[in-house]
Amino acid sequence: MPKEVVLSGIRPTGFLHLGNYFGAVKNWVRMQHDYNCYFCVVDWHSLTTHPDTKELRNNVHRLFGELLASGLDPEQSVIYVQSDVPEIAELYLYLNMLAYQGELEKTSTFKDKVRQHPQNVNAGLLTYPVLQAADILIHRAVKVPVGKDQEQHVEMTRNLAERFNRRYEAVFSMPFAFNYGESLTKILGLDGKGKMSKSENPMSTIYLNDDDDLIRKKIMKAKTDSGPTEKGMPKPDYIENLFTLMQLVSRYDVVAAFESEYEACSIRYGDMKKQLAEDMISFITPIREKAEAIQNDKAYLTKVIKTGEQKARESAAETLKLVRKAMGLNYV
Ligand code: TYM
């Protein structure tokens, strides 16, 4: 049986943070053994918010360093840059004919961006989910390991795939958002306000390149309160998030001890945060050091990027052949 195809992507903006790692990359690393995996650094998507493009090269290299240091293996997965695969742009063009203005304007990520950057509501931003659909469908992927915030985009991808199949021929299988756990992950910022993200307050985001002191400082500043006063009190979401982070990096018995203290209303959040900071440091330090080494090894990076490009284009070209045939775009 051929292995199922997996695709996911990440924007080369800012450093990789815990939300990216635990929402997506950790699953990617695990999936590479069981699936036919494609992982894409989506530089075209990042252009929608008009970054300084002089920084792109460095950002892309750094992200490759961080992904490889996190455990992605270029021998097992295809890891590539979006703009190296022009076939994606062609599929994006075809899918744009099947995407309606109304549904694009209703997308939550579009509405967020309009609120954040009212002076830059460009067509690329509006059709961002169509480009994402092209990323996924160009390899006819069926599993898309992403965090909770990307669920709507994967749903739109299914709608577009279904429309294509109905209008032309059944080229695409339906892709679904995937997580090994029960549900998709959402890591909150340490200030308890909204998801941890590259563009929010850097003090409430833990990056995989933060040094030990900075990690301690950020975690000790995380929002807490005076603690539960009655047994069975539900945890406020910023406290739940500290427990979530602890479950991700601390030993089972350590988490269980703090859980019982919470239940007994005797928890001291200061102690919990100290423990979390030390466990976080033990988790992050090896990744940070490895990422720095890889990022400086330009010959290796070039090899990985070139190999990824070649393999991604082979798969993409096969899909485009089917797409063009289904659409009747063959004249000789
Ligand atoms: P991006 O670059 O914002 O994030 C990359 C991945 O990290 C996840 N993530 C989170 N998960 C949990 N908690 C958080 N706080 C958190 N913050 C980020 C995201 O869900 C994502 O999985 N549009 C995508 C990039 C993309 C893509 C694709 C993804 C382009 N094409 C095709 C999948 C398939 C984005 O902006 O991700």
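I need the full set of residues from the stretch 44-69 which are of a type outside the set (A, V, I, L, M, F, W, C) and either within 9 Å of the ligand (Cβ to nearest atom) or closer than 25 Å to LEU188 by Cα (or both), in order please.
Here is the first cut: in the stretch 44-69, the ones of a type outside the set (A, V, I, L, M, F, W, C) are 45-46, 48-55, 57-59, 61-62, 65-66.
Once the filter is applied, which keeps residues that are of a type outside the set (A, V, I, L, M, F, W, C) and either within 9 Å of the ligand (Cβ to nearest atom) or closer than 25 Å to LEU188 by Cα (or both), the stretch 44-69 yields HIS45, SER46, THR48, THR49, PRO51, ASN59, ARG62, GLY65, GLU66.
Looking only at the stretch 13-25, decide whether some residue is assigned to a loop (DSSP other than H, G, I, E, B), more than 21 Å from VAL144 (Cβ to Cβ) and open to solvent by 30 Å² or more (accessible area, probe 1.4 Å).
Looking through the stretch 13-25, at least one residue is assigned to a loop (DSSP other than H, G, I, E, B), more than 21 Å from VAL144 (Cβ to Cβ) and open to solvent by 30 Å² or more (accessible area, probe 1.4 Å).
Out of the stretch 295-311, which residues are open to solvent by less than 80 Å² (accessible area, probe 1.4 Å), farther than 21 Å from ARG140 by Cα and in contact (Cβ under 8 Å) with a residue 12 or more places away in the chain?
Those that are open to solvent by less than 80 Å² (accessible area, probe 1.4 Å), farther than 21 Å from ARG140 by Cα and in contact (Cβ under 8 Å) with a residue 12 or more places away in the chain: GLN295, LEU301, VAL304, ILE305.
Only one of these conditions is not met by GLU314: (1) free of Cβ contacts under 8 Å to residues at least 40 places away in the same chain; (2) touching an Asp or Glu at 6+ places or on another chain (Cβ under 9 Å); (3) closer than 26 Å to TYR38 by Cβ; (4) not hydrophobic (A, V, I, L, M, F, W, C). Which number is it?
Only one criterion is unmet by GLU314, namely (2).
Go through the stretch 121-202 and tell me which helices (runs of 4 or more DSSP H), entirely inside it, have 1 or more residues that are out of contact with any helix residue (DSSP H, G or I) (no Cβ under 6 Å at 6 or more places or on another chain), touching a residue at least 40 places away in the same chain (Cβ under 8 Å) and more than 13 Å from the ligand (Cβ to nearest atom). Reasoning before the result, please.
On the way: elements: 123-126, 128-137, 151-167.
In the stretch 121-202, 151-167 are the helices (runs of 4 or more DSSP H) which contain 1 or more residues that are out of contact with any helix residue (DSSP H, G or I) (no Cβ under 6 Å at 6 or more places or on another chain), touching a residue at least 40 places away in the same chain (Cβ under 8 Å) and more than 13 Å from the ligand (Cβ to nearest atom).
Restricting to the stretch 80-108, count the residues that are of a type in the set (Ser, Thr, Tyr), open to solvent by less than 60 Å² (accessible area, probe 1.4 Å), out of contact with any strand residue (DSSP E or B) (no Cβ under 8 Å at 6 or more places or on another chain) and farther than 16 Å from MET327 by Cβ. Explain how you work it out, then say what you get.
Just the residues of the stretch 80-108 that are of a type in the set (Ser, Thr, Tyr), to begin with: 80, 83, 92, 94, 100, 107-108.
Filter again for open to solvent by less than 60 Å² (accessible area, probe 1.4 Å), leaving 80, 83, 92, 94, 107-108.
Remaining after also requiring out of contact with any strand residue (DSSP E or B) (no Cβ under 8 Å at 6 or more places or on another chain): 83, 92, 94, 107-108.
Those still in the list that are farther than 16 Å from MET327 by Cβ too: 83, 107-108.
Residues that pass the stated criteria total 3.
Just give me the residues in the stretch 109-157 being within 14 Å of the chain's Cα centre (by Cα) and open to solvent by 50 Å² or more (accessible area, probe 1.4 Å), in sequence order.
LYS148, ASP149, GLU151, GLN152
Could you please let me know if GLU66 is outside any loop (DSSP other than H, G, I, E, B), surrounded by 21 or more Cβ atoms within 10 Å (Cβ to Cβ) and touching a residue at least 40 places away in the same chain (Cβ under 8 Å)?
Numbers: outside any loop (DSSP other than H, G, I, E, B): yes; surrounded by 21 or more Cβ atoms within 10 Å (Cβ to Cβ): yes; touching a residue at least 40 places away in the same chain (Cβ under 8 Å): yes.
So GLU66 fits the description; yes.
Residue under question is GLY227, and the condition is that it be more than 23 Å from TRP28 (Cβ to Cβ), touching a residue at least 12 places away in the same chain (Cβ under 8 Å), small (Gly, Ala, Ser) and surrounded by 16 or more Cβ atoms within 10 Å (Cβ to Cβ); does it hold?
No: the conditions fail for GLY227.
Quickly run through the stretch 44-57 and pick out the residues that are open to solvent by less than 20 Å² (accessible area, probe 1.4 Å) and out of contact with any Phe, Trp or Tyr (no Cβ under 7 Å at 6 or more places or on another chain). Quick ask: steps written out before the conclusion?
In the first step, residues of the stretch 44-57 are kept if they are open to solvent by less than 20 Å² (accessible area, probe 1.4 Å); the result is 45-46, 48.
Selection gives SER46 alone.
The values are calculated or read from the model by the stated rules, or taken from the named source; none is laboratory data. Keep in mind it's a predicted model, so treat the numbers as computed, not measured. Virtual Cβ from ideal backbone geometry, glycine too; neighbours counted across all protein chains shown. All accessible areas refer to the heavy atoms of the entire protein, side chains included, with ligands and DNA or RNA removed. Shrake-Rupley method; radii C 1.70, N 1.55, O 1.52, S 1.80 Å.
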